[in-house]
Every structure is written in C-alpha cells, then in structure tokens.
1. Throw me the Rg/Rh for the chain, computed over C-alpha atoms with Kirkwood Rh, two decimals.
2. Let me make sure I get this right: for region 95-180, a, b and c are the square roots of the gyration tensor eigenvalues over alpha carbons, sorted descending. Under 1.5 in a/c it's rounded, otherwise prolate if a/b > b/c, else oblate. Which is it?
3. For A13 and R205, FRET efficiency with R0 = 51 Å and r from the beta-carbon atoms, rounded to 0.05?
4. Taking neighbour Cβ counts within 10 Å as the exposure measure, how do H265, H62 sort from fewest upward?
5. Is region 177-308 best put as rounded, prolate or oblate by its Cα gyration tensor, with a ≥ b ≥ c the root eigenvalues, rounded for a/c under 1.5, and otherwise prolate when a/b is larger than b/c, oblate when not?
6. In terms of the ratio Rg/(2.2 N^0.38 Å) built on C-alpha atoms, what value belongs to region 2-140?
7. Pull up the DSSP beta bridges for region 83-228 and report the antiparallel fraction as a percent, rounded to 5.
8. Hey, rough spin-label estimate for N38 and D227, points 7 angstrom out along Cα→Cβ, what's it come to in nanometres?
Amino acid sequence: MASTAEHLTRTRAAMADAGVDVLVLGREGNARYVSGANRLWLAGTRPFAPSCVVVGDTGAVHLLSVTDDGVPPEIPTTSLYPISWNPLNLVTAAANAAAGTTVRSVGVDGISPLFATLLRGVFPDAELVDGESLLRAVRRVKTRDDVSAIRAAVAVAEAAFQAVVATAGPGVSATTLSGVFAQRMGELGVTTPAFAPVITVTGDRVAARVGVLRDGWAGVLARTWPDGETLAGSVATAVGALRPGVRLSEVAGDAVTVHGVGLGHEELAGTDILEAGMVLFVGVERDGGWWGDTVLVTDAGAEVLTSG
C-alpha cells in the first residue's frame with residue numbers, strides 16, 4: 001500500500017494546485033491508481049459511470065463495489081457504494097462522499113450528457129472540469145513500486161511470448177499462436193491481456209504484438225521473426241534518443257510510435273516533455289511487421305525492460 005498512499009498524496013496535491021475539490025472517476029486505471037483496489041474491470045475506456053470518488057480536503061476515497069474483496073483495508077466498507085440500474089443513485093453516492101465539504105470544482109475523467117446533467121444536479125454550485133488531464137499528469141512519472149510492478153508484468157508477457165515462439169512453425173496458424181499466448185499467460189497466474197494478441201503469419205514470417213495486465217499493470221512487447229533486424233534497429237534508434245528534457249515529438253515519427261505504459265495504456269501528447277521515471281512503449285510498424293519495447297526513462301537515458 002506504500003505506493004498507493006503516494007499515488008493518493010500526489011493526486012491530492014495536483015487537485016489542490018488545480019483547484020479541484022472532488023474527482024469523480026470512471027476509468028478503471030485512474031480508480032485503481034488512487035485506491036489500490038483490485039476490481040474486475042479493465043484499464044481501458046468504457047461508457048462513463050462514477051465508479052470512484054476522491055475528496056481533496058479529506059483524502060477520502062469512495063468506490064463502486066458490492067464487496068470488499070480486493071479493496072484495501074484503508075478504505076472502509078462504509079466508503080463502498082453498490083451498483084445500481086438507476087444512474088441517479090450513483091451520482092447521489094458521489095455527492096454523499098463529499099458531504100460536509102465545499103465543492104466548487106468537480107473533475108471528471110469522462111462524461112456523458114446524462115451524467116453531466118445529473119452531476120450538475122447534485123453539485124449545483126460546482127463547475128465540471130477535466131480530471132483526465134490531471135490524472136494523466138500525476139500518473140506520468142512512476143514510483144519505484146510502480147516500476148517493479150511493470151517489470152513483473154513484462155516478465156509474464158515475455159514468458160507467454162516465448163511459448164508463442166516455441167510453437168510457431170509450418171502450418172501453425174495465428175489463431176493457434178494467440179491461444180498459446182493466452183494459455184501460458186493463464187498458467188503464470190495472469191488472466192487479463194493488455195489487449196487481444198495481434199499475431200500474423202505470412203509464410204514463415206511471424207509478427208506479434210502482445211501484452212498482459214498483471215495486477216492492473218501493463219507489460220507490452222512486439223517482435224517479428226525472421227528478418228526483424230531492421231525494425232529492431234528503428235526502435236533502438238528511437239530508444240537511444242530517450243532522455244529527460246526531450247520532447248516526445250522528437251522521438252516519435254517515421255513509423256515509430258510512443259505511448260505511456262502503466263495501469264494500462266497511458267496516452268501522451270507530442271508536446272509532452274520526457275521525465276525520469278516515465279515508462280514508455282516504443283514501437284514501429286512497417287511492411288506488415290512490428291517491433292516494440294517497454295522502456296524506462298532514467299536520468300542516464302533509457303533502460304529497456306523487455307529483452308530478446
């Protein structure tokens with residue numbers, strides 16, 4: 001829980017700086033970041049619903065959950081609210097979480113017209129503002145525990161990928177290889193891919209982009225064999241340019257893409273400046289092939305967390 005406590009401290013500091021009194025979060029990556037809860041939902045985008053509430057003044061975290069299984073003991077059961085078919089019940093739970101505090105600004109990481117109307121109803125004196133950008137900035141630089149969790153996810157992704165390499169051969173289809181990846185991932189105790197494995201087989205050439213979510217943290221890699229050396233060289237050149245102070249747009253381009261890695265995919269903009277502690281996926285797609293590595297930015301440059 002040490003890292004989660006630091007996550008919440010960082011989030012509350014960012015809320016104070018931005019003048020945000022309450023965060024109403026729907027994206028699971030954001031909710032997991034501030035709460036440490038291990039719920040069944042995934043890290044990606046889905047239709048908005050207020051599944052987590054953070055109150056800046058008190059640091060209280062309230063969660064949409066019908067069980068305390070996977071919920072840290074620091075979040076009492078009285079701070080859990082149940083799922084409901086009535087959306088008004090959900091926004092009322094968000095308002096109850098902030099009862100007794102002055103709410104002038106509510107940050108949301110996604111919204112629909114219905115929930116915008118309902119939130120304005122329960123927070124009539126508050127302005128709805130962008131909470132997603134706030135969380136993106138907070139989550140961008142990883143703690144030491146975060147990096148350890150990503151390393152563990154990478155290890156699972158690589159082990160499952162090695163099963164794919166061992167199975168690939170004449171007559172083995174991409175569908176079979178995807179199944180091999182899923183089976184090995186499950187054998188290693190991880191049941192959720194970061195995304196559906198993307199594998200193509202063209203003659204004796206195999207291209208694969210795979211990833212896992214281990215305890216919510218992503219580990220991702222991409223490989224093409226045989227004849228992946230040119231692709232690997234493009235990625236190595238981009239990785240060599242990664243260092244604090246570099247603008248992301250200076251690295252991405254010419255078929256090279258860069259995005260953040262953490263509690264799932266973390267979006268970055270070309271104008272973002274790299275900092276030590278950021279974890280990135282640097283990949284290239286060209287002529288039907290892929291190569292990509294998960295990389296940690298350090299003060300000394302870049303450390304590639306994937307191998308092979």
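Derivation of every value follows stated rules applied to the coordinates shown; laboratory data play no part. On a predicted model such as this, the values are computed, not experimentally measured, just so you know. Positions of Cβ are generated from backbone atoms using ideal geometry, with glycine treated the same way; all protein chains shown enter the neighbour counts.
1. 1.01
2. Prolate is the answer for region 95-180, as a/c is 1.5 or above and a/b outweighs b/c.
3. 0.55
4. Ascending Cβ contact count within 10 Å gives the list H265, H62.
5. Numbers: a/c = 2.18, a/b = 1.30, b/c = 1.68.
The shape class here is oblate.
6. Details: Rg = 13.4 Å, N = 139, 2.2 N^0.38 = 14.3 Å.
Here the Cα radius of gyration is 0.93 times the empirical estimate.
7. 80
8. 4.4
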